[in-house]
1. Please state which of the following conditions B:Ile232 fails to meet, knowing it meets all the rest: (1) more than 21 Å from B:Leu160 (Cβ to Cβ); (2) part of a strand (DSSP E or B).
2. Conditions: (1) of a type outside the set (Lys, Arg); (2) under 22 Å from the mean Cα position of the chain (by Cα); (3) more than 9 Å from every other protein chain (Cβ to nearest Cβ). B:Ala132 meets all but one. Number of the miss?
3. Quick one: is B:Gln99 in contact with a helix residue (DSSP H, G or I) (Cβ under 8 Å, 6 or more places away or on another chain), within 13 Å of chain A (Cβ to nearest Cβ) and in contact (Cβ under 8 Å) with a residue 24 or more places away in the chain?
4. Taking region B:173-214, which residues are among the β-branched types (Val, Ile, Thr), assigned to a strand (DSSP E or B) and closer than 25 Å to B:Arg144 by Cα?
5. Consider B:Leu48 carefully, then state whether it is buried (at least 21 other Cβ atoms within 10 Å of the Cβ) and out of contact with any Lys or Arg (no Cβ under 8 Å at 6 or more places or on another chain).
6. Within region A:263-321, work out how many residues are away from every other protein chain (no Cβ under 14 Å), assigned to a loop (DSSP other than H, G, I, E, B) and without any contact (Cβ under 8 Å) to a residue 40 or more places away in the chain.
7. When region B:68-85 is examined, which residues are found to be within 11 Å of chain A (Cβ to nearest Cβ), out of contact with any Pro (no Cβ under 8 Å at 6 or more places or on another chain) and not basic (Lys, Arg)?
8. Determine which member of the set A:Ser242, A:Ser252 is in contact with a strand residue (DSSP E or B) (Cβ under 9 Å, 6 or more places away or on another chain) and either among the aromatic types (Phe, Trp, Tyr) or within 30 Å of B:His46 (Cβ to Cβ) (or both).
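The values are calculated or read from the model by the stated rules, or taken from the named source; none is laboratory data. Worth saying up front: this structure is predicted, and the values here are computed from it rather than measured. For neighbour counting, all protein chains shown are included, and Cβ atoms are generated from backbone atoms with ideal geometry for every residue, glycine included.
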Amino acid sequence: MNLAGTIQTRFPDWPLWTLAPVALLAGTAAVFMGVVNMPPGEVLNVLLGHGSADARLIIGDIRLPRVITGLLAGIHFSVAGLLLQSITRNPLADPSIMGVSQGATLAISIFLFVAVYGFNSDPHVLYSLPVQWLPLVGCLGGGLAGVVVYFLAMRHGLSPLRVTLCGIAVGAVLHALAMGIISGWGTARLEIVMQWLAGSLYARSWDHVVFLLPLTLLGLLALPLLRRPIDMLRFDADVARSFGLSYRRQFSIILLIACMLAASAVGAVGPLIFVGLVVPHLARFIAGRRFALVLPLTIFLGATLVVVGDLVGRLIGGSQEIPIGVVTAIGGAPILLSLLRRTP
Amino acid sequence: MSLQCTDLSVSYGSRQALHALTLSVQKGEVLALIGPNGSGKSTALHALAGLTRPDSGSVELDGRALASWRRRDLAKRLSFLPQAPIAPDEMSVEQLVRQGRFAHVGLWRAYGSQDQAAIDWALDSTGLADLAGRGLRELSGGERQRAWIAAALAQEAEILILDEPTSFLDIGHQVEVLELVGRLSRDRGVTVILAIHDLNQAMMVADRVVLLNRGRLSFEGPAGPLAASGLIEKTFNVQGRFVDLGNGAAPHFDVDLRRSRR
C-alpha cells in the first residue's frame, strides 16, 4: 500500500487534522499582513495588549474585527449553503435561492431611501447616512424574505421543489424592486449600496462581530442535533417519513436556521457570491464517503476561504482593495468547474 | 397488533384513486394487493403507511389513527418501501441500511450492539453482506432494490409494507424476495402487505389476495376462491385458465396469448 493509502486508512479524519492548522495559519496571516505594512513584532505586541496607539488602532480596531467578521460570515454562508443543498436536494442551492440575498438588498435600498428623506435632505453626503444600521436591516429583510418563501411553499406542501421555485420567484421580484428603487438615486447612496452588494469586509468592526457571533454559536450548537435529520432529508419525503423522520418539522427547522445564518451574514458583509455554493461541494468532495466529515469541513473551509479571499483582495488591490465578493466569485468559479469535471 | 382501514377514500385533485376501501390484517399475515395499473394499489399502501391524508375514512394501528402517531413511534412498528426510492448517489449499501435504524437511535443516541445486529441481519437476509461497502451507484438495479429492502428490514418493524418489491429483479432474485417474505412472516411473525404484478407469485406467497379495480375492492380472500371467481380474466381483460398444481400448492394462472381479447 502506498503512503497516501496508509494515511487514509490509519487516519480516516486526516482532512480535518490537515485543515485545522491551515485555517489557523490563514487567520494569523490575515492579521499580520495588510495594506499597512507593520512589522510582525509590533502586531504581536498589540495582540499581547501592548503596542503603540496607532498599531492598536490598525490591528485591534480594524484588522482583527475584520478578520473575525470574515471568518464568521464564511461559516454562516457555507453552513447555510450546505443545509439548503441538503434539504432542497438541489446541488445548486445557496442563500440566494431562498430569496435571502434579494430580500436583504431590497430592505437596505428601502432603508437608505427612507433614511435620507427622513433624517437628511442632501442625498450626496455620505457620512450623514446611518450605515451602522445596515447589518440589522439587511438581516431582517433577508430573514423576512426567507419566511415569506417558507410560508408560500408550505401552503403547497413544503416539498424541496416547491421551496426552490417559490424562492426563485420571490427572489426575482425582490431583486427587481430593489433595482427599481436604486435606479432613481443620488451618488452617495448608490456608492454604499454598490459597496455592500459587491460583498465587502471593508470597515467591518467589533459591532459586526458582536452582531454575528451569537447567531453563529446558536447555529453551530444546533448542528449536532440536526446531523441525522440532514442525512434523512436527502431522501425523498416518503422514504424519510417511513424511516421515522418528522419531515415537515425537521425541514422547517433546518430551513429557518439556514435563513437565519444567511440573512445575518448577508446583512453584515453583503452577498458573498459562490461561498455558500462552492464550499459544501468542496467539503463533500474531500470527505468522500465519510459523511460525518462534511459538516466540520464545511465550517473550516468556509471560514478559511473567506479570510484568505479577503487577504488576497487587500494585498493585490492595496489601498484600492478588491471586495471579498469579487475575489470569491472569481476564485469560486474555477473551483466549482473543476469539481464538476471530477464528479461523474 | 392490528392494522386496519375503514371506508378509506383518497383522491388526487379531481381523480379519485380509492373508493371506500375497508381492509384489515392480522399478525404474521401476508397480504398481496393485485390489480391493473392505476387500480389504487400504491395509493392504498401509502395510506396504510400513513403517508397519504385520506379524504374520508380512517387508518388505525392498535385502534389509534395513524395521523396521531409520532412518526418515529410509527416507524418502530411499521416500515414502508416505496416503488422507486431516491437516495444520495455517494451513499454505500451499509450507510443506507444504517438509516433504517433512525427510528431506534433518534437524533443523537449512538448506534449500539443491538443496532449493529439488526443491520448485519438485514444485510445477511438480503444476501448483501459482501456488498456492504459498495456505493449504491455501483450496484445493479436488482442489488439496489435489495439494499432498500435491507434498509426496511433493519427497522425491525412488525409490519412491512412493500410496493412492488420484485420489479427490476430477475426471476432468481424475485423468488429470493418472496421466500424472504415467507420466512419473515413464519419465523418472526412479521405482517407483510405487498403490491405485486405477478398473479402467480401473489397467490403463492400470500395468505390473502386483495384485488383492486379502479380504486374499489373487487375481491378479498385466499387464492382458491379467487381462481374460482373468474374475476382475474374480467379485471385484467385477458383469457386464460387456472391450473391445479396439486400437493396443496396455490393455483396457477395460465394466460392464453392468442385468444386474448382486444
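1. Failing condition for B:Ile232: (2).
2. Answer for B:Ala132: the failing condition is (2).
3. Judged against the criteria, B:Gln99 is a match.
4. Residues satisfying the conditions are B:Thr191, B:Val192, B:Ile193.
5. yes
6. Within region A:263-321, residues that are away from every other protein chain (no Cβ under 14 Å), assigned to a loop (DSSP other than H, G, I, E, B) and without any contact (Cβ under 8 Å) to a residue 40 or more places away in the chain number 1.
7. To start, the set of residues in region B:68-85 that are within 11 Å of chain A (Cβ to nearest Cβ) comprises B:69-85.
Within this subset, residues satisfying the condition of being out of contact with any Pro (no Cβ under 8 Å at 6 or more places or on another chain) are B:69-80, B:82-85.
If the condition is that a residue be within 11 Å of chain A (Cβ to nearest Cβ), out of contact with any Pro (no Cβ under 8 Å at 6 or more places or on another chain) and not basic (Lys, Arg), then B:Trp69, B:Asp73, B:Leu74, B:Ala75, B:Leu78, B:Ser79, B:Phe80, B:Pro82, B:Gln83, B:Ala84, B:Pro85 are the ones that fit.
8. A:Ser242
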